[in-house]
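Step one of this worksheet: look at the structure below.
The values are calculated or read from the model by the stated rules, or taken from the named source; none is laboratory data. Computed from a prediction, not measured in an experiment: that's the story for all the values here. So basically every Cβ, Gly included, is an ideal-geometry build from the backbone, and we count neighbours across all protein chains shown. SASA here: full protein model, heavy atoms, side chains in, ligands and nucleic acids out. Shrake-Rupley method; radii C 1.70, N 1.55, O 1.52, S 1.80 Å.
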Amino acid sequence: MQKKTKLLIIGSGPAGYTAAIYASRALLDPILIQGIQPGGQLTITTEVENWPGEKEIQGPDLMTNLEDHAKAAGTNIINNTIVKLDLKKYPFLAISDNGNEYEAESIILATGAQAKWLGLKSEDKYKGFGVSACATCDGFFFRNEIIAVIGGGNTAVEEALFLTKFAKKVILIHRRDTLRAEKILQERLFNNPKVEVIWNSELKEIIGIDSPLCVEAIKIENQKNNKEIEIACKGVFIAIGHAPSNELILNQLETHNGGYVVTKPNSTETSIPGVFAAGDITDFKYRQAVTAAGMGCMAALEAEKFLSE
Ligand code: NDP
């Protein structure tokens with residue numbers, strides 16, 4: 001199937017859906033392709049407490065609300081994944097995993113980011129067998145066990161707190177002696193009797209058995225005295241940040257700071273006119289749901305201006 005559209009939005013996080021709401025209201029008839037994880041990263045979190053107007057809302061509920069809003073505004077939402085994007089052609093060409101082709105006069109890239117891994121051999125070996133990057137997906141498997149969480153940002157602290165619901169004990173291991181996470185989250189972490197924090201330490205190896213494949217312990221190294229110790233645990237959650245999901249645009253758009261799409265100052269315009277980027281694919285600084293939504297709004301307004309010119 002081949003489809004022509006004035007505006008193709010790729011991605012279904014807060015940036016994509018907000019762009020869709022604005023573009024639909026501007027009567028651009030946008031098509032939004034949801035991607036492999038409809039709703040994006042917020043669908044694998046629990047409570048969101050910093051979305052204005054909602055004191056507390058579950059991440060998946062927030063994304064369902066945004067999707068409903070975009071649909072109600074008139075967006076054509078398609079549950080597919082774009083696997084190829086050609087930005088050298090104009091109109092731009094996007095091909096989805098089921099072979100559909102979309103010819104688009106403008107594009108808003110809102111493909112977000114994905115969890116980073118440490119890159120250890122043993123991490124790879126036990127992925128899905130005790131090693132995870134998603135507490136809400138896999139925490140349940142570690143009832144009454146000891147779990148290690150690696151990282152010191154908001155994700156690590158939120159995951160550690162969430163895991164205390166299941167675990168006997170959660171050990172947060174951070175490479176420095178201060179956390180990067182919001183102060184309110186830090187306070188909750190330090191006050192939780194199930195949590196122990198090990199400072200200045202890096203994960204060196206995950207130790208386990210082959211039959212059945214599972215984790216038994218981790219080896220960590222203290223950065224101050226280079227001493228290595230082993231800690232018994234059944235689960236290891238890696239929460240060391242996120243990298244932009246930029247596979248579609250590599251070698252086509254200018255990127256910087258580890259693969260984030262470059263946009264013009266105070267704008268979502270990329271290095272190719274008619275292609276806009278919003279949310280975690282371009283934002284290496286704020287990376288919040290509400291800033292992503294703000295950028296989605298900017299991108300839709302800029303796409304509208306581009307199309308009318
Ligand atoms: P961050 O980049 O904020 O934090 C990553 C953490 O992992 C840092 O503490 C970093 O250490 C550590 N780290 C990075 N690389 C390594 C490594 N190779 N080995 C060991 N440790 C490592 O990522 P997050 O995923 O936590 O958050 C991403 C963004 O999303 C942030 O802007 C955050 O505010 C936002 N976010 C907001 C939430 C909310 O508002 N509720 C929830 C979750 C995320 P170091 O500190 O030494 O650099």
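What the table below lists for this structure:
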quantity: Enumerated strands (runs of 3 or more DSSP E) restricted to the range 234-309, each holding at least 1 residues that are more than 23 Å from residue 84 (Cα to Cα); calculated: 235-238
quantity: Looking only at the range 271-289, and only at residues there that are open to solvent by less than 20 Å² (accessible area, probe 1.4 Å) and either within 15 Å of residue 8 (Cα to Cα) or charged (D, E, K, R) (or both), the one that is nearest to the ligand (Cβ to nearest atom); calculated: 283
quantity: Matching residues in the range 150-178 - criterion: being within 6 Å of the ligand (Cβ to nearest atom), in a loop (DSSP other than H, G, I, E, B) and surrounded by fewer than 22 Cβ atoms within 10 Å (Cβ to Cβ); calculated: 153, 175, 176
quantity: Those residues of the range 1-22 which are touching a helix residue (DSSP H, G or I) at 6+ places or on another chain (Cβ under 6 Å) and closer than 15 Å to residue 294 by Cβ, in sequence order; calculated: 13, 14, 15, 17, 18, 19, 20, 21, 22
quantity: One residue from 60, 52 being loosely packed, with under 15 Cβ neighbours inside 10 Å and either of a type in the set (Ser, Thr, Tyr) or in contact with a helix residue (DSSP H, G or I) (Cβ under 9 Å, 6 or more places away or on another chain) (or both); calculated: 52
quantity: Any hit, the range 216-223, residues being over 26 Å from the mean Cα position of the chain (by Cα) and more than 16 Å from the ligand (Cβ to nearest atom); calculated: yes
quantity: Residue check, residue 99 on the phi > 0 side of the Ramachandran plot and more than 16 Å from the ligand (Cβ to nearest atom); calculated: yes
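Okay, residues lined up against (1) touching a Gly at 6+ places or on another chain (Cβ under 9 Å); (2) assigned to a strand (DSSP E or B); (3) closer than 26 Å to residue 185 by Cα; (4) of a type in the set (Gly, Ala, Ser):
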| residue | (1), (2), (3), (4) |
| --- | --- |
| 15 | yes, no, yes, yes |
| 20 | yes, no, no, yes |
| 29 | yes, no, no, no |
| 37 | yes, no, no, no |
| 77 | no, yes, no, no |
| 84 | no, yes, no, no |
| 90 | yes, no, no, no |
| 105 | yes, yes, no, no |
